[in-house]
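The values are calculated or read from the model by the stated rules, or taken from the named source; none is laboratory data. Note that this is a predicted model, so its numbers are computed, not measured. FYI the Cβ positions are ideal-geometry reconstructions off the backbone, even for glycines, and counts take in every protein chain you see. The area values use the complete protein model at the heavy-atom level, side chains included, leaving out ligands, DNA and RNA. Shrake-Rupley method; radii C 1.70, N 1.55, O 1.52, S 1.80 Å.
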Amino acid sequence: MPATRIDGKAVSTAVLDEVTRAARALEAETGVRPGLAVVLVGEDPASQVYVGSKGRTAEACGFHSVTHRLPAETREADLLALIGQLNADPAIHGILQQLPLPGHLDPQRVVAAIDPDKDVDGLTVVNAGRLASGALADAFVPCTPAGCMVLLRRVMGDDLSGRTAVVLGRSNLVGKPMAHLLLAANATVTMAHSRTADLPAVCRAADIVVAAVGRPEMVQADWIKPGAVVIDVGINRVDAPERGDGKTRLVGDVAYAAAAEVASAITPVPGGVGPMTIAMLMANTAKAACRAAGHPAPRL
């Protein structure tokens with residue numbers, strides 16, 4: 001039978017509904033309204049779209065939402081000063097520095113300046129350490145792998161004991177935190193990458209395959225164990241001449257149509273992991289606000 005299509009849009013809507021309820025309860029019971037600040041430096045078109053979407057979603061959840069748009073020539077000292085002001089602002093519970101930054105700015109130094117307890121993107125070394133050490137209750141997890149785990153739990157439950165998982169890709173943003181989350185759920189995890197020997201065979205042994213390599217449709221159907229669950233993090237734009245001259249389409253890192261004939265469940269692209277990323281950003285912001293107010297955080 002064809003695989004179950006894991007609907008990220010529907011799950012993200014459910015997450016946002018829960019976040020909205022939590023935000024309302026927090027404000028009603030404590031007077032605290034979750035606050036999210038997004039900082040954008042420069043005019044990167046994709047970043048402009050993402051920032052607008054994040055701001056609108058935050059407002060829809062009932063958050064206090066502010067966006068700081070800085071010119072591309074902003075000095076690093078001025079950007080760090082703004083982050084320092086946001087760190088000290090009690091009305092702001094989450095700070096998101098939109099990446100990439102202009103070339104003259106050091107992203108590691110900028111991210112490191114964010115208060116770890118307001119680091120709702122989960123990118124600081126402190127939060128990476130909390131996650132790696134198993135202190136999940138204290139950590140802010142990067143939003144994309146956090147969303148992947150929500151989708152996995154909807155299909156496979158909370159406890160992955162006895163399950164084997166392969167994570168394709170070893171980035172700090174997705175691959176490494178994803179592996180830690182799977183380990184925390186008791187899966188047996190293999191991290192694979194471009195230098196892994198016989199990558200198809202490694203994937204075929206796994207009950208769970210998480211693909212996050214940024215190579216369009218690299219993972220083929222014969223890489224998938226029959227009945228495995230596939231989480232496709234990739235978002236790649238490829239030429240689509242069948243749609244007309246100069247047209248493009250989005251595909252994932254997995255050859256979806258063929259893999260769906262082998263897997264038991266799979267995320268589509270678009271409409272799978274993508275919608276979960278912003279939803280988990282809102283969840284992290286609500287968690288930060290609840291933590292600051294000494295209030296129970298939403299369970300997702």
*Looking at Leu131, Leu151, Leu181, which one is part of a helix (DSSP H, G or I) and in contact (Cβ under 8 Å) with a residue 60 or more places away in the chain?*
Leu151
*Check off (1) open to solvent by less than 40 Å² (accessible area, probe 1.4 Å); (2) outside any loop (DSSP other than H, G, I, E, B); (3) out of contact with any helix residue (DSSP H, G or I) (no Cβ under 7 Å at 6 or more places or on another chain) for Thr74 and give me the number that stays unchecked.*
(2)
*Search segment 243-254 for residues that are free of Cβ contacts under 8 Å to residues at least 60 places away in the same chain and within 13 Å of Gly274 (Cα to Cα) and pair each with any residue that is open to solvent by 10 Å² or more (accessible area, probe 1.4 Å) and among the acidic types (Asp, Glu) when their beta-carbon atoms are under 8 Å apart and the residues are at least 6 apart or on different chains.*
Val251/Glu217; Gly252/Glu217
*Which one of Ala212, Ala205 is open to solvent by 60 Å² or more (accessible area, probe 1.4 Å), in contact (Cβ under 8 Å) with a residue 24 or more places away in the chain and in contact with a strand residue (DSSP E or B) (Cβ under 9 Å, 6 or more places away or on another chain)?*
Ala205
*Restricting the search to segment 134-148, which residues are open to solvent by less than 10 Å² (accessible area, probe 1.4 Å), hydrophobic (A, V, I, L, M, F, W, C) and either in a loop (DSSP other than H, G, I, E, B) or farther than 22 Å from Ala165 by Cβ (or both)?*
Ala139, Phe140
*Identify all residues within segment 256-300 that are more than 13 Å from Ile235 (Cβ to Cβ) and either under 14 Å from the mean Cα position of the chain (by Cα) or of a type in the set (Phe, Trp, Tyr) (or both); write none if there are none.*
Ile278, Ala279, Met280, Leu281, Met282, Ala283, Asn284, Thr285
*Between a first residue in segment 272-295 that is charged (D, E, K, R) and a second residue that is buried (at least 24 other Cβ atoms within 10 Å of the Cβ) and assigned to a helix (DSSP H, G or I), which pairs have beta carbons less than 9 Å apart while being 6 or more apart in sequence or on different chains?*
Lys287/Ala22
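Conditions (1) over 24 Å from Gly103 (Cβ atoms); (2) open to solvent by 50 Å² or more (accessible area, probe 1.4 Å); (3) of a type in the set (A, V, I, L, M, F, W, C), marked per residue:
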residue	(1), (2), (3)
Ala28	yes, yes, yes
Ala60	yes, yes, yes
Ser65	yes, no, no
Gln85	yes, yes, no
*Filter result for Thr196 (at pLDDT 95 or above and within 17 Å of Met156 (Cβ to Cβ))*: no
*Which of the residues that make up segment 81-128 are in contact (Cβ under 8 Å) with a residue 24 or more places away in the chain, within 19 Å of His68 (Cα to Cα) and outside any loop (DSSP other than H, G, I, E, B)?*
Leu82, Ile83, Gly84, Leu86, Asn87, Gly94, Ile95, Leu96, Gln97, Arg109, Val110, Lys118
*Regarding Gly274, is this residue out of contact with any helix residue (DSSP H, G or I) (no Cβ under 6 Å at 6 or more places or on another chain), surrounded by fewer than 19 Cβ atoms within 10 Å (Cβ to Cβ) and of a type outside the set (D, E, K, R)?*
no
*Residue by residue through segment 97-141, note down the ones that are hydroxyl-bearing (Ser, Thr, Tyr) and under 23 Å from Ala77 (Cβ atoms).*
Thr124
*Taking into account only those residues within segment 31-58 that are among the polar types (S, T, N, Q) and closer than 20 Å to Val15 by Cα, which is surrounded by the most Cβ atoms within 10 Å (Cβ to Cβ)?*
Thr57
*asked:* Checking Glu18 against (1) over 27 Å from Ala88 (Cα atoms); (2) surrounded by fewer than 14 Cβ atoms within 10 Å (Cβ to Cβ), only one condition comes out false. Which one?
replied: (2)
